[in-house]
Amino acid sequence: MTASAELAGAAGADVGECVRAMDWSALAAELDAVGCAPTGPLLTAAQCQEIAELYGDDRRFRSLRYRAGDWNALHRDLYGELVFPLQVVIGLDAPGVDYTGGELLLVEQRMRAQSRGGAHTLPRGHALIFTTRDRPTPSVRGWSASPMRHGVSTVRTGERHSLGLIFRDAA
C-alpha cells in the first residue's frame with residue numbers, strides 16, 4: 001500500500017466534507033491580507049495519532065517530526081521552475097500537551113519596508129494554508145511580489161508532528 005493510500009485511509013472520508021464546508025471566501029481574503037489562513041479542524045485526534053504513527057518508517061514519505069531541540073531554518077519550498085503557490089500544514093499533536101515551542105514561523109519580505117514575521121501554533125487536527133514562494137501585494141505602481149519564507153521555532157519539550165502537503169508535480 002502506498003503512503004498516500006494509507007494517509008487517505010487514516011484520515012477517513014470526512015476530511016473531504018470538512019474541506020468542502022470551509023468558507024473559502026474568508027480563507028482567500030485572509031491569504032490575500034497576510035499570506036496565510038487557518039482552516040479550523042480537519043482531522044480528529046485519533047486520525048492525527050494514526051498518521052503520526054506512520055512517521056516511524058522513513059521510506060514512506062518525508063515526515064515533519066521535531067523533537068526537543070529541533071528547529072527548521074527559514075526557507076522556501078521550491079522544486080524547480082514549476083511552483084504551486086500554496087502549501088498546507090496540519091498539526092498532528094496538541095501544543096502545550098505533547099510539546100512546547102515549535103511554532104510555525106512565516107516571514108514576509110516587504111518592498112521598501114521591514115520584514116514582517118508571524119508565529120503560528122497549530123492545534124491538533126487544524127491546518128494552515130500559506131504562500132510557498134511570493135505573495136502578490138499592492139504597491140504604488142500596481143502589484144509587486146513579496147517573498148515569503150517559513151520555518152519552525154525550536155521545540156522546547158516533547159515531540160511535534162505535522163503533515164505538510166506540498167503541491168508539486170500535480171497534474
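The values are calculated or read from the model by the stated rules, or taken from the named source; none is laboratory data. The structure displayed is predicted, hence computed values, not measured ones. Note that each Cβ is placed from the backbone with ideal geometry, even for glycine, and that neighbours are counted across all protein chains shown. Calculation scope for accessible area: heavy atoms of the full protein, side chains included, ligands and nucleic acids excluded. Shrake-Rupley method; radii C 1.70, N 1.55, O 1.52, S 1.80 Å.
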Residue among His150, His120 that alone is of a type outside the set (D, E, K, R) and crowded, with 21+ Cβ neighbours inside 10 Å: His150
Whichever residue in segment 68-94 is surrounded by 13 or more Cβ atoms within 10 Å (Cβ to Cβ) and free of Cβ contacts under 8 Å to residues at least 60 places away in the same chain and, among such residues, is farthest from Gly125 (Cα to Cα): Pro85
So Ala127, is it surrounded by 15 or more Cβ atoms within 10 Å (Cβ to Cβ) and either assigned to a loop (DSSP other than H, G, I, E, B) or touching a residue at least 40 places away in the same chain (Cβ under 8 Å) (or both): yes
Single condition Gly142 does not satisfy, out of (1) without any contact (Cβ under 8 Å) to a residue 60 or more places away in the chain; (2) surrounded by 14 or more Cβ atoms within 10 Å (Cβ to Cβ); (3) of a type in the set (Gly, Ala, Ser): (2)
Residue list for segment 104-117, restricted to those being of a type outside the set (A, V, I, L, M, F, W, C) and open to solvent by 50 Å² or more (accessible area, probe 1.4 Å): Gln109, Arg110, Arg112, Gln114, Ser115, Arg116, Gly117
